[in-house]
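First the structure, in the form of structure tokens, and then the observations on it.
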Amino acid sequence: MKKLLNTLYVTSQGTYLSKDGECVVIRAENGQKKRFPVHVLDGIVCFGNVLCSPFLLGHCGEKGLALSFMTERGRYLAGVRGPQSGNVLLRREQYRQADDPVASADIARSVIAGKVVNSRAVLRRCLRDHGDRVDAGMLERAVCTLDECARRLQTPVSLDEARGMEGQAAGAYFAVFGQMVLQDEEAFSFDGRNRRPPLDAVNCLLSFVYTLLAHDVRSALEAVGLDPQVGFLHRDRPGRPGLALDVMEEFRSFMADRLVLSLINRGEVRARGFVTKESGAVFMDDDTRKTVLTAWQKRKQDEAMHPFLRERIPLGLAFHVQAQLIARSIRGDLDGYPPYYWK
Amino acid sequence: MDRTLPLSALQHYLYCPRQCALIHVEKVWAENRFTAEGRLLHLRADSGSAGRRGGVAEDRAVPIRSDRLGLYGVADVVEMRPGPDGREIPYPVEYKRGSPKVEDWDRAQLCAQAMCLEEMLGAVIRDGAIFYGKPRRRERVVFDTPLRSLVEQSCRDMHTMVETAQTPPATHGKRCRGCSLKGACMPKTGQDVERYLLKGLEP
């Protein structure tokens, strides 16, 4: 099995990254230098004004390292790809199936199954661990809605039904999400998703962690030769990584949302780490951003049994495995796409 | 053959046709310790230049190809040994980091090199050698009819596979242990996705 390697997150402004032999050299604005061998990395994420030499970009492309540029606040700007990326035959098959409503609905069904089952598992885990501190009735009603979705997914669904169910599952889940915040509930109150810009601290955290998840899922898809823009559940929209959004569905609740909840509930991020702008937009400060990045990196190292492969792997590798499995189901090596079920 | 494949593809094909398809059809490549060591070993071998060794002229990193087999590549070392009629006969030598294998993978690759040289030079080459890094010893290889047929048949099958872009299904075996593409190949995954899907959806 592939090894989980590190992702290098560069947040210091004005840093210059270059290539020296098989190493990445990081030079900070004050002249301080650090170096990392390329073979211990599988991605570099640059936030804001971080500069990279063309030779480093080329080397990353050649070695299959995902290199992404984000704004300081984590909005994706651009990524670097090498001269030959992936397998054109696989991509053509991906396009054919994305054009075919029946084939698309099959994959969409798996993706939604992953989303529903994992969201339900997160709510159940909360009921089990903190049943006395939350409105258990409300959470149980949400679990019932998700149960109903799960039941309908036991038989094939149309693409429209799958999309409808995605909305229904997300609605039920986010309606009770705020219940799972157990620390400093006033500062971290949550009534539903909002973004661009996020209007509260919880949404600010969620959006940022989703960006990190999107980066990792996108690069895993690119690494196996799939086109991250062409999705099955998510319709094509220029500039939107449809397939990355598809595969993210199964990971959002247990990888991203639970990370946000535990950062808040363990007091690792605090209300004073957020800045509210005149417009009501909420942003996190540099220290909070670093805390989130470190926690994300650590979360990816947690190991769990992959439910389909029956092999213990770090969660960060699960993105690659799912990308591999979706590629194999597109190629017809597998008779469907098995989502990652979190237990 | 309208498409030529690297000589290494033949060796991959003999080792495992699926591995060959993953590399040349699916364009998957993953390096592990073994492939990295092999790459560095060749980097060193390829950096040498032509010279004489014990009275025998030798050339290193010799580009070779065969239109008939549809192969191209680089021979590590080609020695020019004097033949009985005074003409020099090429003698290919291949460097391998590991130890000699029971199977014909390495011998077939060397034989293919010889067949390339024969086509390019109009010569007849009867033998060559493989230098193994583990015992640090040369093994002589005779290019007999069965070995030549193996090369020809494998080349034909391999080209058909790549031309039609058919990746054979995975079969799990002992070979998988040292394979750098195991992660991409997933030789052990079962087929029944629907059952797995339903099991997860249970209340």
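The values are calculated or read from the model by the stated rules, or taken from the named source; none is laboratory data. Remember, predicted model here, so these are calculated numbers, not experimental data. Note that we place each Cβ from the backbone using ideal geometry, even for glycine, and neighbour counts take in every protein chain shown. Note: accessible area is taken over every heavy atom of the protein model, side chains too, but ligands, DNA and RNA are not part of it. Shrake-Rupley method; radii C 1.70, N 1.55, O 1.52, S 1.80 Å.
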Practice prompt. Could you calculate the FRET efficiency of A:ARG75 with A:ARG124 from 1/(1 + (r/R0)^6), where r is the beta carbon distance between them and R0 is 22 Å, rounded to 0.05?
Written response: 0.10
Worksheet item: Based on Cβ point charges of +1 for Lys and Arg and -1 for Asp and Glu, what charge dipole magnitude is obtained for the range A:33-120 about its Cα centre, in debye rounded to the nearest 20?
Response: 360
Worksheet item: Of all accessible surface on the protein assembly as shown at a 1.4 Å probe, what whole percent is carbon and sulfur?
Response: 50
Worksheet item: Relative contact order (percent) for the range A:1-141, with alpha-carbon contacts under 8 angstrom and 6 or more residues of separation?
Response: 16
Practice prompt. Treating only the Cβ atoms of Lys and Arg (+1) and Asp and Glu (-1) as charged, compute the dipole magnitude of the protein assembly as shown about its Cα centre; round to the nearest 20 debye.
Written response: 1240
Worksheet item: How much FRET efficiency would the formula 1/(1 + (r/R0)^6) give for A:VAL102 and A:ARG27, where r is the Cβ-Cβ distance and R0 is 56 Å, rounded to 0.05?
Response: 0.55
Worksheet item: Name the residues of the range A:286-330 whose amide N is less than 13 Å from a point 7 angstrom out from the Cα of A:GLN13 along the C-beta direction?
Response: A:286
Fill in: Exceeding the 22 Å Cα-Cα cut-off - candidates B:LYS101/B:LYS174; A:LYS19/A:LYS300; A:LYS34/A:LYS290; A:LYS63/B:LYS27; A:LYS115/A:LYS343; B:LYS101/B:LYS134
A:LYS19/A:LYS300
Worksheet item: Given the C-alpha centroids of the range A:33-71 and the range B:145-168, what is the distance between them in whole angstrom?
Response: 40
Worksheet entry | Heavy-atom surface of the protein assembly as shown, accessible at 1.4 Å and reported per residue (Å²) | 48
Discussion item. When a/c reaches 1.5 or more, the comparison of a/b and b/c decides; with that in mind, is chain A rounded, prolate or oblate per its Cα gyration tensor?
Written reply: oblate
Worksheet item: Using protein heavy atoms only (no ligands, DNA or RNA), what is the total accessible area buried between A and B, 1.4 Å probe, nearest 100 Å²?
Response: 2400
Fill in: Burial order of peptide ranges A:12-21, A:67-76 (average beta-carbon count within 10 Å, highest first)
A:67-76, A:12-21
Fill in: Selected from B:PRO84, B:MET158, B:VAL102, residue furthest toward positive end of dipole (the range B:54-203; charges at beta carbon)
B:VAL102
Worksheet item: Gap in Å between the Cα centre of the range B:81-101 and the Cα centre of the range A:187-201?
Response: 72
Response to the item:
Answer in debye to the nearest 20: the dipole magnitude of the range B:73-203 about its Cα centre, from +1 Lys/Arg and -1 Asp/Glu charges placed on Cβ, is 820
Practice prompt. Starting from the amide H of A:GLU311, placed 1.01 Å from N in the peptide plane, find each other amide H under 5 Å away whose residue is 5 or more places distant or on another chain.
Written response: A:HIS306
